[in-house]
Amino acid sequence: MNSAQNSTTASSVSPAAAATADTDERFERGLKLLREVGGEERPAVLDSLADIAPDLGRMTVSFGYGELLANDRLTLRQREVATVAALCAMGTAAPQLRFHIDGALNVGVTPAEVVEVILHTAVYAGIPAALNGLTVAREAFGDRPGLSYEPTDTGERERRYERGLAKLAEVDGHAGDAVIASLRDIAPDLGRYIIEFAFGDIYSRPGLDLKSRELATVALCTALGTAAPQLRVHIHGLLNVGGTREEVVEVITQMAGYAGFPAALNGVAAAREVFAERDR
Amino acid sequence: MNSAQNSTTASSVSPAAAATADTDERFERGLKLLREVGGEERPAVLDSLADIAPDLGRMTVSFGYGELLANDRLTLRQREVATVAALCAMGTAAPQLRFHIDGALNVGVTPAEVVEVILHTAVYAGIPAALNGLTVAREAFGDRPGLSYEPTDTGERERRYERGLAKLAEVDGHAGDAVIASLRDIAPDLGRYIIEFAFGDIYSRPGLDLKSRELATVALCTALGTAAPQLRVHIHGLLNVGGTREEVVEVITQMAGYAGFPAALNGVAAAREVFAERDR
Amino acid sequence: MNSAQNSTTASSVSPAAAATADTDERFERGLKLLREVGGEERPAVLDSLADIAPDLGRMTVSFGYGELLANDRLTLRQREVATVAALCAMGTAAPQLRFHIDGALNVGVTPAEVVEVILHTAVYAGIPAALNGLTVAREAFGDRPGLSYEPTDTGERERRYERGLAKLAEVDGHAGDAVIASLRDIAPDLGRYIIEFAFGDIYSRPGLDLKSRELATVALCTALGTAAPQLRVHIHGLLNVGGTREEVVEVITQMAGYAGFPAALNGVAAAREVFAERDR
């Protein structure tokens, strides 16, 4: 049975009809994509699980790569940026973070961009998350003898407040001002750190474009599941810097594979709220 | 002072009277249970903490095993399924996951069931959580020379949508339909993945009964603390597939030991809401 | 440009003027503090990141130590107690937990207090979190040949209910009673465990004063991000046992560095609610 035959038996274009693709087709599509990301002819996940749970290897290929990642609503490059950000922020998946740092490099993310994505997680998941992510990145870089990477020292240490304020306005519009203003009576230093460190030091760094930063932020806030207000702010942010609603939904959906369906479902609920706000 | 003497001083049967059991009795009861789970005459937790925090070893026995797990509202088998699910989903407790995979096997959970519980976590905590859980299970299985385990390849790769839809109805009744319907306008693929992957691929697998799956789901959603709407759905689900309210409360309470009291308290609050909904 | 010059260009004392300190000054201030905490003339974080992300090393010094921790609203001792509690509860930052266990010892927290802080996390993040924290502490203690540490065996195994109830009243006032009462109809054992284990066994232990316990609790509930109701209860708790509002806000703000800005922002929102409740 293939999906074309199947759909002729349905009285209308039901989700089932659209969905029930031929299995081998899903698996082959997944295999092709996983080869591109993993850089191996025979993905390790198939063999490494053969003795204990071969079905999970198969499902990782046919569901994970053959379905979840198998549409062109995001580029592979965007997908790997989002995944590295989420796994680094979660801090519970070092082997998979390693795999996807390599995956990012395999699909054209530069080493400098990988490092920027990891530094970016410091804002949302804390400095330890970024430090531990860099440990994994160093190993990955070290295992690629041909890799050329020169660390950036931005030297940008002044005018952090002005720079941060401008960047915050670019991402959040007036919503950012409101957050900072609301902190003034209770935790003014925290508001200042957001401007100076988060936006002045980190967001203003060259080497990762603003849309990628917001994509990473939406991905990791969805995956963490503990940052609901911030997820809403940065869904707005991603839309503000050129992302589309389709991209927002797609990166949130992708997190089902890396952080589970509850994370993705709660992320979609946040997106629905934000879209409704913008429609008003 | 022992509890019998204590209760004579109380004017009524107060919680204190019922609660203040003789300490040695608690410790002995815990030791007996921990021997059953750990499979050792002398639990390692007592000796391994002797040099740094012997009290934590003692409390693990007398509180953890002597009180928290020392009632028959759940079988030991159910408790270990719940604990393996929660620790695997949390991803922060590899040594304890190892201990409880052994514990599950010691109290009669089969290796195939252990693997199914771990695969089940892929739905709720992401594929990395399941992959890392399998790494621990492989080590545990390898250290038991007599263990016989043949991995299952279900071969079930077709009719995922129909199969998933039927399983979702079994677990969630109409509530499941509502979740999927609510996604149709914003993230229809996510709805389809829930049916096809979560319920068609994972929940439909043989080797773990539906009530155990829902028990595992309630345990891990409680432990994660980031899946409040899904916890409510699956408290309904556990009740729908034959679980009792007593079992719901007990598995949530058990999580106090593995994920802390806030997780358990917030889980009980969710249970209260669900019970009230069902009473209306 | 230094901050004095900068402020002359502003029409009033704007946050920017107050904020834009000279960079070298921030770095030097951070270096001094980090030397105190890390016990090394040349902090390892500068050299270990030189090949991959020197900017993160620099920002850890100039932002993390030069700004975030560089005020006297909390003592270094209080800060390290809070950080050890948070990192231990998170369970995703073993290298940083190790660093801050050493840091705590370097600024005058005793080994026995470090162990008490770790045991305290069992209540809020589960027994596995405490067990894994002790593994790190054992390594840290072992690497300090001069360290003298004799584990405490409290021997306090009776009258847990009475002792716990008294301690709960001390921390929570009537709010604690309300939590326990609300559990009576649905999960009375959980209520009893909170009194007997959390407050009778753990909170009542000697070796860590009650204010430090509440400071640790506010820190770790903020960092976890999954314990919103409990965070509010223990912001009240910290204020009840002698903490100030300034200390509450400061320890929550500090968590921005260890668990990210969303954690700190959501913590401040909780503090605002609690302060408003107390003002009514």
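The values are calculated or read from the model by the stated rules, or taken from the named source; none is laboratory data. Here the structure is a predicted model, which means the values were calculated and not measured. Positions of Cβ are generated from backbone atoms using ideal geometry, with glycine treated the same way; all protein chains shown enter the neighbour counts.
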Report summary line: Among (1) more than 8 Å from chain A (Cβ to nearest Cβ); (2) under 22 Å from the mean Cα position of the chain (by Cα), B:GLN230 falls short only on (1)
**Report entry** Criterion: in a loop (DSSP other than H, G, I, E, B), surrounded by 21 or more Cβ atoms within 10 Å (Cβ to Cβ), at pLDDT 95 or above and in contact with a Gly (Cβ under 9 Å, 6 or more places away or on another chain) - qualifying residue of B:THR222, B:THR226, B:THR253, B:THR217
**Finding:** B:THR226
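Take the residues of region B:140-169 that are of a type in the set (Asp, Glu) and touching a helix residue (DSSP H, G or I) at 6+ places or on another chain (Cβ under 7 Å): which is farthest from B:LEU210 (Cα to Cα)?
Start the filter on region B:140-169 by keeping residues that are of a type in the set (Asp, Glu), which leaves B:143, B:150, B:153, B:156, B:158, B:162.
Remaining after also requiring touching a helix residue (DSSP H, G or I) at 6+ places or on another chain (Cβ under 7 Å): B:153, B:158, B:162.
On the way: B:ASP153: 19, B:GLU158: 20, B:GLU162: 17 Å.
Looking at the filtered set, the residue picked out is B:GLU158.
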Requested in this report: Would you please name the residue that is nearest to A:ILE118 (Cα to Cα), looking only at residues in region C:30-76 that are among the small types (Gly, Ala, Ser) and part of a helix (DSSP H, G or I)?
Outcome: C:GLY57
Query - Check on B:LEU238, closer than 30 Å to B:MET59 by Cβ, within 14 Å of chain A (Cβ to nearest Cβ) and part of a helix (DSSP H, G or I) - result: no
**Report entry** Hits in region C:163-210 (condition: at the interface with chain B (Cβ under 7 Å from one of its Cβ atoms), part of a helix (DSSP H, G or I) and either surrounded by 21 or more Cβ atoms within 10 Å (Cβ to Cβ) or in contact (Cβ under 8 Å) with a residue 24 or more places away in the chain (or both))
**Finding:** C:LEU183, C:LEU190, C:ARG192, C:TYR193, C:ILE194, C:GLU196, C:PHE197, C:ALA198, C:ASP201
**Report entry** Failed item in (1) of a type outside the set (A, V, I, L, M, F, W, C); (2) in contact with a Leu (Cβ under 7 Å, 6 or more places away or on another chain); (3) farther than 27 Å from B:ALA93 by Cα, with C:GLY133 passing the rest
**Finding:** (3)
Report summary line: Checked against (1) touching a residue at least 24 places away in the same chain (Cβ under 8 Å); (2) at the interface with chain C (Cβ under 9 Å from one of its Cβ atoms); (3) within 29 Å of A:GLY242 (Cβ to Cβ), A:GLY133 satisfies every condition except (2)
Report task. Hey, could you check region B:25-78 for residues that are hydrophobic (A, V, I, L, M, F, W, C) and free of Cβ contacts under 8 Å to residues at least 12 places away in the same chain and say which is farthest from the other protein chains (Cβ to nearest Cβ)? Result -> B:ALA44
